[in-house]
Amino acid sequence: MCGRFTLTLDPGEIQTLLELGPFVHIVQPRYNIAPSQPVPIVKNADTRTVELYRWGLVPSWADDLNIGNRMINARSETVHEKPSFRSAFKYRRCLILADGFFEWRAEQSGPKTPFLFKLKNDNPFTFAGLYEHKELPEGGELHTCTILTCEPNELVRDVHNRMPVILDEKARWTWLKPDADQSVLRALMAPFPADAMKCFPVSRAVNLPENDRPEVVEPVAG
DNA sequence: CCAGACGTTGTT
DNA sequence: GTCTGG
DNA sequence: CCAGACGTTGTT
DNA sequence: GTCTGG
């Protein structure tokens, strides 16, 4: 799955490499983005505007906003039929910007080992995501999103049994097309090629979301 | 009809 | 909101 | 994802 | 064990 990720590159660099519209939200590099925090997303392939949405999807009909804490991922295999996701899958697909993600490997005993996964060229990339808007009783609107998951590729498989859906430069704009049909979308929700990725163990300091600093993206022995 | 669920992951 | 179960 | 809390009463 | 918060 994907429960923590990074966006460390300079905003100008991200904008250029992902061919996005201008954005000003990301003023600080993020080394440890955790659920419930604001994450940068793109909803429209024409404007390519970047907005911040809370990570953890809350369906528009949910009474309990805490449901978002458990909706940080959506299984791509079932997203079209689950009540919490199917409407967003049909009408509200988005891209979530990242340049790395963490997965934890369970050991025979003792604490899990966190690994950082990146593209070999260190470029930024985009997760396939869904977003939702909910009217709040006290007024205002809650904007939330979730990251789709799929089977792991050969690289991720050694660490975990799920990985986030990553869309390449061609797939990402197709994903945002409002009239894209199911068979096309289905084909996009596949494991990213392992030969374009790398990974290495990192400090368990990443376990604490408050450790949002460069140390947690540095390789360690393990 | 109304009431209640609606999710993922990992582990057992 | 929409579906399932009673 | 991981870490940390997990309760009531009455009083300040 | 299960839920909430980040």
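The values are calculated or read from the model by the stated rules, or taken from the named source; none is laboratory data. Since we're looking at a predicted model, the values are computed, not measured. Note: ideal-geometry Cβ built from the backbone for every residue, glycine included; neighbour counts use all protein chains shown. To get the accessible areas, we keep the full protein, side chains included, count just its heavy atoms, and leave off ligands, DNA and RNA. Shrake-Rupley method; radii C 1.70, N 1.55, O 1.52, S 1.80 Å.
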Counted charge near A:V217, where neighbours are those whose Cβ lies closer than 12 Å (Asp, Glu -1; Lys, Arg +1): -1
Rough spin-label spacing in nm, given labels placed 7 Å along Cα→Cβ, for A:N207 and A:E77: 3.0 nm
Sites removed, the longest contiguous part of chain A containing no DSSP-loop GluC sites (Glu not before Pro) with at most 14 other Cβ within 10 Å is A:20-76
Where nothing but the Cβ of Lys and Arg (+1) and of Asp and Glu (-1) is charged, how large is the charge dipole of the range A:4-204 around its Cα centre, in debye to the nearest 20? 340 debye
Estimated [θ] at 222 nm from DSSP helical runs (n ≥ 4, -39500 (n - 2.57)) normalised by residues in chain A, nearest 500: -2500 deg cm²/dmol
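Percent of Cα-Cα pairs more than 21 Å apart in chain A, please.
Roughly 53 percent, once rounded to a whole number.
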For A:L167, what accessible surface area do you get with a 1.4 Å probe? Give it in Å², rounded to 10. 0 Å²
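Computing the accessible area with a 1.4 Å probe over protein heavy atoms, can you report the carbon and sulfur percentage for chain A?
Numbers: 5420 of 10710 Å².
Roughly 51 percent, rounded to a whole number.
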Name the shape class, rounded, prolate or oblate, that the alpha-carbon gyration tensor gives for the range A:110-217, where a ≥ b ≥ c are the square roots of its eigenvalues, rounded holds for a/c under 1.5, and otherwise prolate holds if a/b is larger than b/c and oblate otherwise. oblate
Please report the relative contact order for the range A:4-204, taking Cα pairs under 8 Å with a sequence separation of at least 6, and give it as a percent rounded to a whole number. 21 percent
Simple label model, 7 Å out from Cα along Cβ direction - A:F200 to A:E169, nm: 2.5 nm
Which one of A:T8, A:I26, A:M197 is farthest out on the positive end of the charge dipole of the range A:4-204, using unit charges on Cβ (Lys, Arg +1; Asp, Glu -1) and the Cα centre as origin? A:M197
Under 24 Å, Cα to Cα: Lys pairs in the range A:4-204, sequence gap 8 or more or different chains: 19
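Given a 1.4 angstrom probe, what's the average accessible area per residue across the range A:72-222, in square angstrom?
Values: 7230 Å² over 151 residues.
With the other protein chains kept in place, the range A:72-222 gives 48 Å² per residue.
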